[in-house]
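Structure, as structure tokens:
Each reported figure results from applying straightforward, stated rules to the coordinates on display, with no laboratory input. Treat the numbers as computed from the prediction; the structure is a model and nothing was measured. Here the Cβ positions follow ideal geometry from the backbone for every residue, glycine too, while neighbour counts run over all protein chains shown.
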């Protein structure tokens, strides 16, 4: 096999298994490559969207591997696996249910089950939202590294008057999500729309996706909010257990791309 191709694949595998972004020097050292060679390979991979160059010059894996993996997986697919759980969650709560993955600082809606209520939260499969102000996004980014969260806390954009943009308040919110195991959005992305979500983990314990419910804020009263949080937490646990059981199908390797 072409030696350059092997080196490029080595970089992709290294970044996919890394718990965070890596610098050129770290990548070159880990793979035994001259730094100049590693830099050229990373540039080529970035041009083809296999890796992402972050501010500061470090590199991480992109969501493109998830896209390719999703197309290749026929025996075990998260969306297909989640359909029954999502249907049951919608029936139990009466609200729209979303399955999301993280792409840098945005969530991507990979599947949804719409509420039957005439007044409901609207979204599109493939649509995106700022991760810091939707429940599924909070449920995922809360488990990123402290350094990643600190950097993000300096770049928060307000979408409504309820969006958390104060760095200290954001860091505290992330700590609360980790403590209770679920995230809440109270009109932070869209006025009058709230949501609750919980993280989904692969067989290695990595947070790779999130499942949540959203709807008109008027229906998210304290009692219902507690009920919703319990139900999304149970749904996320069921999906996580399914992913763990399906690890032999290779899903966890593909899912690691979602941590980009």
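Using a 7 Å offset from the Cα along the Cα-to-Cβ direction at both residue 192 and residue 145, what is the distance between the two label points in nm, to one decimal?
Taking the simple label geometry, residue 192 and residue 145 are separated by 4.3 nm.
With N residues in the range 3-62, what two-decimal value do you get for its Cα radius of gyration over 2.2 N^0.38 Å?
For the range 3-62, the normalised Cα radius of gyration is 0.95.
Could you give log10 I(q)/I(0) at q = 0.09, 0.12, 0.17 Å⁻¹ for the range 67-259, computed by the Debye formula over C-alpha point scatterers of equal weight, without solvent?
-0.29, -0.52, -1.08
Pairing the Cα long axis of helix 3-17 with the longest principal axis of the chain, what angle in degrees results, from 0 to 90 and rounded to the nearest 10?
So the inclination is approximately 30 degrees.
Helix-only mean residue ellipticity at 222 nm, the chain, DSSP H runs n ≥ 4 weighted -39,500 (n - 2.57), per residue, nearest 500. What is it?
-14000 deg cm²/dmol
Relative to the present Cα-Cα distance, how much length would full extension add between residue 172 and residue 3 at 0.36 nm per residue of separation?
Additional length available on full extension: 56.1 nm.
Going by a ≥ b ≥ c, the root eigenvalues of the Cα gyration tensor, does the range 31-181 fall in the rounded group (a/c under 1.5), the prolate group (a/b larger than b/c) or the oblate group?
It is oblate, given that a/c is not under 1.5 and a/b is not larger than b/c.
Of 11, 211, 63, how do they rank once you tally other Cβ atoms within 10 Å and put the fewest first?
Taking fewest neighbouring Cβ atoms as first place, the list is 63, 11, 211.
Mark the label point 7 Å from the Cα of residue 204 along Cα→Cβ and return the residues of the range 142-168 whose backbone N is within less than 16 Å of it.
Residues passing the 16 Å test: 144-145.
Hey, fewest Cβ within 10 Å first, where do 111, 98, 162 land in order?
162, 111, 98
Tell me, 187, 133 in order of fewest to most beta-carbon neighbours within 10 Å?
187, 133
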